[in-house]
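Encoded as structure tokens, the structure appears first; notes follow it.
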Amino acid sequence: MLRGGTVTLRPMERSDLPTLQRWINDPEVNRWLRVQWPLNLDQEQRWYEQVSASGTEKVLIIVAPDGTPVGNLGLGRIDHRHRTAEFGISIFEKAYWNQGLGTDASITMLRFAFEELNLHRVSLLVQEHNLRARRCYEKVGFVAEGIERESIFSGGRYLDMLRMSILDREFFALHGRSADS
Ligand SMILES: CC(C)(COP(=O)(O)OP(=O)(O)OC[C@H]1O[C@@H](n2cnc3c(N)ncnc32)[C@H](O)[C@@H]1OP(=O)(O)O)[C@@H](O)C(=O)NCCC(=O)NCCS
């Protein structure tokens, strides 16, 4: 378990699969993600097995202060030579949006990435017009790096993606080190 200010991050369990499948098939949320076809339980299970076995991709469940699992987040492309990884997060239970949980969960994941995994840089890609996510990432300390022009096709049009990143020293300057508290 990773404990944040209000959220808890815990491993995915096989028993989460029906919830994970319901989440990923919600078009109001997956419009912001790189999802193509609706996924059946077998496909969700294959994804779960692949992530569970992977050394370079890790996913955790975000649990709200009231105990409800509300979404997931994780690191992909973890590279221990360059000390880099890619970050992703989704709160699928929409009633929990805009309450600071995404920010708290992201800070908790990054603290683990920098203090435990000893990473140097974590980056992400976000749809340029996803203003809620961008605001969340800015509060966490991610810095905009540049636009990938028309790099995905969704909703009948090409969309720009914004690359953002945060370095370990930037994270510690903003949020301090656990050892200091
Ligand atoms: C993106 C996401 C993880 C953020 O989590 P969250 O808990 O909702 O975010 P927070 O409450 O910590 O922060 C959201 C901020 O955006 C602001 N915001 C919300 N809608 C906004 C909008 N349309 N324009 C600008 N800011 C907006 C909120 O007011 C808040 O900022 P504030 O604290 O300064 O008031 C979550 O909303 C989510 O999963 N959305 C759907 C999937 C998604 O977009 N995933 C990211 C893909 S890159």
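Couple of notes before you dig in:
- When the chain is treated as a GNM with alpha-carbon contacts under 10 Å, the residue of Val35, Val143, Val59 showing the greatest mean-square fluctuation is Val35.
- With the cut-off at under 20 Å, measuring from each backbone N in region 73-90 to a point 7 Å along the Cα-to-Cβ line of Arg177 picks out 83-84.
- Our helix-only sum for the chain, with -39,500 (n - 2.57) per DSSP H run of n ≥ 4 divided by its residues, gives a mean residue ellipticity at 222 nm of -9500 deg cm²/dmol.
- Calculated on the alpha-carbon coordinates, the convex hull of region 89-181 measures out at 107 cubic angstrom per residue.
- Here region 140-181 is assigned +1 on the Cβ of each Lys and Arg and -1 on the Cβ of each Asp and Glu. Its dipole about the Cα centre then comes out at about 60 debye.
- Burial order of peptide ranges 74-84, 127-137 (average beta-carbon count within 10 Å, highest first): 127-137, 74-84
- Solution diffusion estimate, µm²/s, Stokes-Einstein, the chain, Kirkwood Rh from C-alpha pairs, 4 °C, viscosity 1.567 mPa s: 76 µm²/s
- Simple Cβ-charge dipole of region 2-180, Lys/Arg +1 and Asp/Glu -1, about Cα centre, in debye nearest 20: 220 debye
- Taking the C-alpha atoms of region 14-99, convex hull volume expressed per residue in Å³: 117 Å³
- Note on region 2-180: dipole from Cβ charges, positive end direction compared against Ala133, His80, Leu167; the farthest Cα belongs to Leu167.
- Gyration tensor verdict on region 53-142 (Cα atoms; rounded if a/c is under 1.5, prolate if a/b is larger than b/c, oblate otherwise): prolate
Since every read-out is calculated from the coordinates, none of them should be taken as a lab result. Keep in mind the model is a prediction, meaning the values are calculated, not measured. Methodologically, a virtual Cβ is constructed for each residue, glycine included, from the backbone with ideal geometry; neighbour enumeration extends over all protein chains shown.
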